[in-house]
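A.B. asks: Quick one: the structure is below, questions incoming.
The values are calculated or read from the model by the stated rules, or taken from the named source; none is laboratory data. Predicted model, so just to flag it, every value in this text is computed and none were measured. Here Cβ is always computed from backbone atoms with ideal geometry, including for glycine, and neighbour counts include all displayed protein chains. Side chains included, ligands, DNA and RNA excluded: accessible areas come from the protein's heavy atoms. Shrake-Rupley method; radii C 1.70, N 1.55, O 1.52, S 1.80 Å.
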Amino acid sequence: MTRKILVTSALPYANGAIHIGHLVEYLQTDMWVRFQKLRGNECYYFCADDTHGTPIMIRARKEGISPEELIGKMHVEHERDFSEFQIEFDNYYSTHSPENRQLAEMIYNRLKDGGHIDSREVEQAYCEHDKMFLPDRFIRGICPKCGAADQYGDNCEVCNSTYSPLELKEAKCSVCGNAPVQKKSKHLFFKLADFGKELHDWINGGHVHQQIANKLQEWFSQGLRDWDISRDAPYFGFEIPGEEGKYFYVWLDAPVGYIASTMNYCEKKGLNWEDFWVKDDAEVHHFIGKDITYFHALFWPAMLMGAGLRTPTQLAIHGFLTVNGEKMSKSRGTFISARTYLNHLDPEYLRYYYSCKLGPDTGDVDLSLEDFVSRVNSDLVGKIVNLASRSAQMLGKNYDSQCGKLSVEARELLAKLRSKSEEIAESFESRNFATAVRTIRSLADEVNRYLDERKPWTAIKEDRGHALESLTTTLNAVLILTVYLKAILPGYAGRIEKLLNVGSLQWSDVVRELEDHKINDFERLMERIDNKKVEAMIEETKAQQAAAAPAAEPAKEDVLAAEPLAEQIEIDDFLKVDLRVVKIISAEAVVESDKLVKLQVDLGGQPRQILAGIRKAYKPEDLVGRNVVICANLKPRKMKFGVSEGMILAAGSGGEDIFITSPDEGAKPGQRLH
């Protein structure tokens, strides 16, 4: 039975260029959509630029253009980069559209009529110089917990504390540098807790990966909080109906953009958007990063429930990208934009490499540049592309590009390749691309063994029939492998389709046979990666970073040297600290945070949970079994992601530069250090 499927990716923010980290999501989504279409399903891929908010407004002001001009320029750039990576949207739209305004107002009014909107005064930071309320990320100051300088208004990147902007010391507006004042304003709130039971049932109904469902239980245990959905003027966005000087917070109208893009497409194609978003006539799949799980697994379905719209069928949630085992870095040249990559390398190299790494869970994807070159050159080009290249060129040179007949032995080999069709399809369906590629690669190995054993390049001198049979079999195998790879490598598949003279292949074409069939003249299919091009890409990225850095910005060492010392303490205060050895029993990344690791430790037979901000420096799996030192008598602290019952001793400047203090060899869990 043909399925009707609507698929979206998270909307890229119109305040910056697409980079290779973003592409993990868009390439994954595109491959899944292409697979569905190959299987004959009615599948649509909708997306849009996310265009509203304070950052857009401020950047446009700095560039001396209107926000509309800025988002128009970014829309062209985003579409260009996506297109060159062969990401094929059925509709790529914008949240700054009449459809999105209409739908956002409709959803808001339905929530309001249902009694799910509340209003109350809040006190916020206000910049009198810029005449605007400041979002948390536009306030910088000294952390009230650890004294670290130049921290955001909502959390500290050094000690990972969360706080309100009112607590920040020596707070300054990050736009003009002036100190903000506190000012009250009426805000509107969406009462998320009204949908607590429905959300709990939805989350546990198979709509998210079980790992995510388990994480979300923490939010329920803490109690669902009202969500502030309004922002004060000046603000680039949609005004809230019936409210003067109030705008929808960007996170309200951004996901509505999924529906707006659908509506825009349907209006052009004579379809009804309600078939996707009101009725259950279709499946709805959202591909997102784990950092925006909270919005998509709680706020978004609750908004849809309250507005009488259908909820998503599935949230496909992925992890982050690391490069060479570390967070993408501008200084190391690994914060690579899509455009810089395209200046040097074939986009299909990255499509293939990501497919080798992507699974159905939220694990991070590591782009090891050495492994990247090796896999593309040895596996993709060496094992898969060369099968077509060698066979087609030999057939063209010696048999006028005319295939022969298939023998019994040949049919047995091809039957083995075809027998994996549903297994590979299931891997694609479950987004386990890495497993699908491993299976395809193993089939290519079978064909390479067949070709090496038959040696048509030698047999052609003595037994032309034997050689023709071998080449015909290999090209039939190439057709099957191309069907399996088409969702991942559409450009390569198109070149094979032209070479084999077979038209546009579908999944059902795995049973197709090429006997007494004339193929077209051979043209180059794919080149190996030249290491020099990878190095040039890295150097270009470094040069871009150097050019973008402010000339007067002090070196990191100067910043650290200028920081004031923390308040002095007495020796008696220091002696109160109880340092103990613990063994890390388990470690897992906190999905909603890019800094925190949740540790279960053994304190000499006493289990404890510790939330540590060391994720940028240490992989969770590398911590298990390790002995570390903690401050054991630190008062337990309830944090956003759970209770932390201690603090690991570590030193460094923060981020990736954190080094855990390790006890002497032989120290036992529970042992006190003096």
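A.B. asks: For the stretch 174-227, just say rounded, prolate or oblate: build the C-alpha gyration tensor, square-root its eigenvalues into a ≥ b ≥ c, call rounded for a/c under 1.5, and beyond that prolate if a/b exceeds b/c, oblate if not.
C.D. replies: Note, shape of the stretch 174-227 comes out prolate.
A.B. asks: Which residues' amide hydrogens lie under 5 Å from the amide hydrogen of Met132, considering only partners 5 or more residues apart or on another chain, with H built in the peptide plane?
C.D. replies: Close amide H contacts, sequence-distant or interchain: Cys127.
A.B. asks: Match the structure shown to one of the listed values (1) 77, 67, 54; (2) 93, 69, 52; (3) 82, 54, 43 of Cα extents along the principal axes in Å, computed from it, and give that label.
C.D. replies: Of the labelled values, this structure produces (2).
A.B. asks: Just to confirm the number: angle between the C-alpha axis of helix 250-269 and the first principal axis of the chain, 0 to 90 degrees, nearest 10?
C.D. replies: 30
A.B. asks: Hey, another quick one. For helix 433-454, report the angle its Cα long axis makes with the longest principal axis of the Cα atoms of the chain; keep it between 0 and 90° and round to the nearest 10°.
C.D. replies: 30
A.B. asks: For a test of the definition: using alpha carbon positions, the gyration tensor, and the 1.5 limit on a/c, classify the stretch 323-446 as rounded, prolate or oblate.
C.D. replies: Since a/c reaches 1.5 but b/c is at least a/b, the shape of the stretch 323-446 is classed as oblate.
A.B. asks: With a probe of 1.4 Å, find how much accessible area the chain has per residue, and write the answer as a whole number in Å².
C.D. replies: I get 44 Å² per residue for this part.
A.B. asks: Taking just the C-alpha trace of the stretch 370-526, give me its Rg and Dmax in Å.
C.D. replies: 14.9, 49
A.B. asks: Say the cut-off is 19 Å between C-alpha atoms; which of Lys290/Lys619; Lys215/Lys635; Lys327/Lys357 go over it?
C.D. replies: Over 19 Å apart, Cα to Cα: Lys215/Lys635.
A.B. asks: Cross-link candidates for Lys405: which lysines have Cα within less than 16 Å, leaving aside residues fewer than 8 places away along the same chain?
C.D. replies: Lys518
A.B. asks: Which value results when the Cα radius of gyration for the stretch 268-362 is divided by 2.2 N^0.38 Å? Write out the running numbers ahead of the final one.
C.D. replies: Numbers: Rg = 18.3 Å, N = 95, 2.2 N^0.38 = 12.4 Å.
Ratio of Cα Rg to 2.2 N^0.38 Å: 1.47.
A.B. asks: Same structure again: Which ³J(HN,Hα) values in Hz, rounded to whole numbers, follow from the phi angles of the stretch 492-507 under the Karplus curve 6.51 cos²θ - 1.76 cosθ + 1.60, where θ = phi - 60° and Gly and Pro get x?
C.D. replies: These are the phi-based 3J(HN,Hα) values: 4, 4, x, 5, 5, 4, 5, 4, 7, 6, 10, x, 7, 6, 10, 4 Hz.
A.B. asks: If you don't mind, another one. Classify the stretch 153-303 as rounded, prolate or oblate, taking a ≥ b ≥ c as the square roots of the eigenvalues of its Cα gyration tensor: rounded when a/c is under 1.5, otherwise prolate if a/b is larger than b/c and oblate if not.
C.D. replies: oblate
A.B. asks: Sort the following peptides by mean Cβ neighbour count (other Cβ atoms within 10 Å, averaged over residues), highest first: 204-213, 338-347.
C.D. replies: Values: 204-213: 15.7, 338-347: 18.8.
By packing density, highest mean first, the sequence is 338-347, 204-213.
A.B. asks: Moving to a separate point now. Starting from the amide H of Asp366, placed 1.01 Å from N in the peptide plane, find each other amide H under 5 Å away whose residue is 5 or more places distant or on another chain.
C.D. replies: HN-HN under 5 Å from Asp366: Thr322.
A.B. asks: Over the Cα atoms of the stretch 469-512, each weighted equally, I'd like the Debye log10 I(q)/I(0) at q = 0.24, 0.27 Å⁻¹, rounded to two decimals.
C.D. replies: For the stretch 469-512, the Cα-only Debye profile gives -0.78, -0.97.
A.B. asks: Strictly under 4.7 angstrom between C-beta atoms: which cysteines of the chain have no such partner?
C.D. replies: So, Cys43, Cys47, Cys176, Cys266, Cys356, Cys403, Cys631.
A.B. asks: I would also like to ask the following. Give the Cα extents of the stretch 84-195 along the principal axes, in whole Å, largest first.
C.D. replies: Computed over the Cα atoms, the extents are 48, 47, 31 Å.
A.B. asks: Compute the angle between helix 20-38 and the longest alpha-carbon principal axis of the chain, please, reported from 0 to 90 degrees and rounded to the nearest 10.
C.D. replies: The answer is roughly 50 degrees.
A.B. asks: Carbon-plus-sulfur fraction of the accessible area of the chain, 1.4 Å probe, in percent?
C.D. replies: On the way: 14340 of 29650 Å².
Reported share for carbon and sulfur atoms: 48 percent.
A.B. asks: Could you list which residues have their amide H under 5 Å from that of Lys518, counting only those 5 or more apart in sequence or on another chain, with H placed in the peptide plane?
C.D. replies: Result for Lys518 returns Cys403.
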